[in-house]
1. Arrange the peptides 558-568, 225-235 so that the one whose residues have, on average, the most other Cβ atoms within 10 Å appears first.
2. How big is the equivalent ellipsoid of segment 193-329 along its three axes, where each semi-axis is √(5λ) from the Cα gyration tensor, reported in whole Å from largest to smallest?
3. Along each of its three principal axes, how wide is the spread of alpha-carbon positions in segment 5-150, in whole angstrom units, largest first?
4. Working from the pairwise distances between different alpha carbons, so that the mean of 1/r is found and then inverted, what is segment 532-661's Kirkwood radius in Å?
5. How compact and how long is segment 96-215, expressed as Rg and Dmax of its alpha-carbon atoms in Å?
6. To check you understand DSSP bridge types, tell me what percent of the beta bridges within the chain (both residues inside) are antiparallel, rounded to 5.
7. Leaving out same-chain residues fewer than 8 places away, which aspartates and glutamates sit with a Cα under 20 Å from that of Lys50?
8. Can you give the Kirkwood hydrodynamic radius for segment 30-102, in Å, rounded to one decimal and based on Cα pairs?
Amino acid sequence: MDSQAAEKRVQELHNVLNQYNYEYYVLDQPSVPDSEYDRLTQELLQLEEKFPELQTPDSPTQRVGGEVLDTFKKVRHDAPMLSLSNAFNEEDLRDFDRRVKQALDEGSYSYVCELKIDGLAVSLKYENGLFIQGATRGDGTVGEDISANLKTIRSIPLRIKEPYTMEVRGEAFMPKQSFIALNATRDEKGEEPFANPRNAAAGSLRQLDPRIAASRNLDIFLYGVAGAEETGITTHSGSLELLDRLSFKTNKERKVCRTIDEVISYVGSWADKRPKLPYEIDGIVIKVDSLEQQKELGATAKSPRWAIAFKFPAEEVVTKLTGITLSVGRTGVVTPTALLQPVKVAGTTVQRATLHNEDLIREKDIKIGDFVVIKKAGDIIPEVVNVIAERRTGEEEEFSMPTHCPECESELIRLEGEVALRCMNPKCPAQIREGMIHFVSRNAMNIDGLGEKVIAQLYRSGLVHDVSDLYRLTKEQLLHLERMGEKSTDNLLNAIEASKVNSLEKLLFGLGIRHVGAKAAKTLSQHFETMEALADANLEQLTSIHEIGDKMAEAVVTYFNQPEVSELIAKLQAAGVNMAYNGPKLAAVAASDSFFAGKTVVLTGKLHQLTRNEAKERIEALGGKVAGSVSKNTDLVIAGEEAGSKLDKAVQLNIEVWDEQKLLDELN
Ligand code: IVH
């Protein structure tokens with residue numbers, strides 16, 4: 001066969017194999033026996049071997065890449081991946097509907113109800129129809145590039161039916177059957193079984209070797225198109241239809257409902273049907289159908305106002321409380337935890353449940369030896385619901401909190417107005433260890449590979465006394481620790497090194513100043529821009545910031561007044577840790593006389609030098625408002641590459657239009 005004929009045959013094979021793949025994995029309706037599929041795949045493999053130039057990234061033979069990765073690349077989402085607020089009962093759903101009704105003065109609207117698949121959210125990017133990248137949700141803004149693993153999911157098309165450049169989102173999951181089979185094999189091999197299909201799916205997609213994910217039979221349902229209106233679509237149900245047309249797998253149990261009563265009856269109908277599904281669901285998602293109305297409703301920082309997740313009620317079980325153990329957190333709070341006779345709740349075996357504090361133990365009248373009702377809050381965190389007093393024998397023991405720290409034996413103090421008991425010793429080993437765990441966590445310095453066990457070892461062995469010592473660790477020292485091989489040591493050192501350039505807010509949050517959460521750390525960083533300026537700030541300067549209250553201002557001043565803190569910061573600085581804010585400048589003063597002040601701006605099309613989110617943040621920092629759709633109230637439209645219907649509308653309405661460069665010039 002000459003190369004021209006080979007090229008033609010390869011193309012034919014792509015087409016048939018993609019079609020058979022689609023019928024099998026997306027439609028669940030195979031039209032040919034497996035042997036036929038295998039035969040054609042073999043033919044394609046042979047042709048690709050003979051004519052390597054014909055092997056393309058979207059070839060059906062390219063699902064499982066050969067390369068094992070070192071780490072996952074971080075990727076920034078074009079638009080944030082929000083999560084949903086929850087409803088737990090009918091009343092919550094009616095409240096949601098009331099809020100929607102109030103905001104949509106236009107009157108009529110309808111909802112789309114979908115199953116809430118219990119897996120993990122992923123985003124898939126296509127360029128001119130070709131799959132180019134898949135990522136996890138991560139913290140909503142930045143996720144991890146798990147493209148190689150996602151390519152192994154056969155229901156994900158490597159090429160879609162029309163040459164769109166688009167980002168779609170959905171839930172990757174492990175079907176119940178695959179989960180049962182996987183755990184049976186793990187049991188046989190003496191490996192730890194996965195707690196539930198969600199963990200199994202997440203664990204599989206976080207493997208660096210794509211062959212592992214390929215062996216796990218994962219699947220996906222797509223439930224959204226990012227920036228759908230740019231494709232000319234006006235409803236969410238239309239997005240789902242577009243996804244179907246492009247050969248994506250969507251869930252067919254969805255239903256458009258015109259009233260909240262219809263929604264409630266749809267939700268109710270799933271209580272019985274749920275166990276019969278071949279995959280796990282943990283609720284029903286309800287979304288306003290019209291994209292225009294979704295825009296009108298908008299979103300809070302965390303979740304859209306146009307959607308809600310109804311969560312099925314948690315399963316409750318009875319078990320015996322055999323003891324109460326105590327742990328000391330990073331702020332010195334001593335928390336009691338119930339030890340339970342192991343029991344299965346909602347798919348996992350539970351042996352512990354937090355009791356939060358002494359007051360709660362009194363309130364619920366919990367004694368050691370009691371039979372208690374357990375459930376999982378939000379389906380994840382085990383908690384004691386109540387005691388079954390009728391089952392008491394008289395042998396149960398009263399529990400009282402200790403007077404001294406279980407870790408360092410300092411006296412415990414109950415601060416005014418608090419229910420918690422605290423260890424006030426800043427040198428308490430438990431507090432230091434927990435502080436380090438916080439320092440390396442995702443929203444703080446984000447150092448992968450430093451788990452609780454490694455930190456405990458580092459502390460015990462005297463290698464680190466405070467977080468600045470992390471930056472002095474050597475390969476040699478790490479290799480001596482248990483379970484630290486060559487590769488994990490290199491990865492860890494790279495992660496520590498990479499964290500040095502983090503913007504100030506991550507460091508600030510990581511330091512664990514009382515009352516300063518991630519959001520406050522960001523606000524403080526935007527205002528003061530350097531650690532030095534913040535450390536010098538007085539109460540008045542701090543409270544003059546709108547979002548900073550008296551309590552937080554006091555905590556900040558007290559924190560920086562401690563000589564140990566100045567020392568710690570000096571050590572971090574000497575180690576090369578960045579002490580400045582790198583994010584978009586607040587330019588509060590500039591805002592009032594900025595071009596954008598008071599203007600409504602719409603961003604459309606693809607930007608190259610900024611992400612949409614960055615552009616939005618920067619325009620907002622200069623006093624502008626960024627809206628989702630073009631109307632007569634729009635002052636300015638920023639049109640990136642391939643801008644579509646919004647640009648047309650702007651021209652129609654005679655609204656000023658800028659390109660990306662002009663935006664950058666003005667921002668700078
Ligand atoms: S829509 C902005 N639809 O539930 C709306 N989510 O907190 C984004 N999920 O992170 C989500 N099935 O992982 C949507 N049909 C569905 C879903 C679904 C499962 C997950 C998703 C999301 C979480 C909601």
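1. Highest to lowest by the protection proxy: 225-235, 558-568.
2. Each semi-axis is the square root of five times an eigenvalue, giving 32, 23, 18 Å.
3. 65, 39, 27
4. 17.8
5. 18.2, 61
6. Expressed as a percentage, antiparallel bridges in the chain total about 85.
7. The reachable aspartates and glutamates, counting only those whose Cα sits under 20 Å from Lys50, are Asp2, Glu7, Glu12, Asp38, Asp58.
8. Value: 18.3 Å, from the Cα pair sum.
Readers should treat all values here as calculations from the given coordinates under stated rules, not as data from a laboratory. As the structure is a prediction and not an experimental result, all values here were calculated from the model. Backbone-built Cβ (ideal geometry, glycine too); neighbour counts: all protein chains shown.
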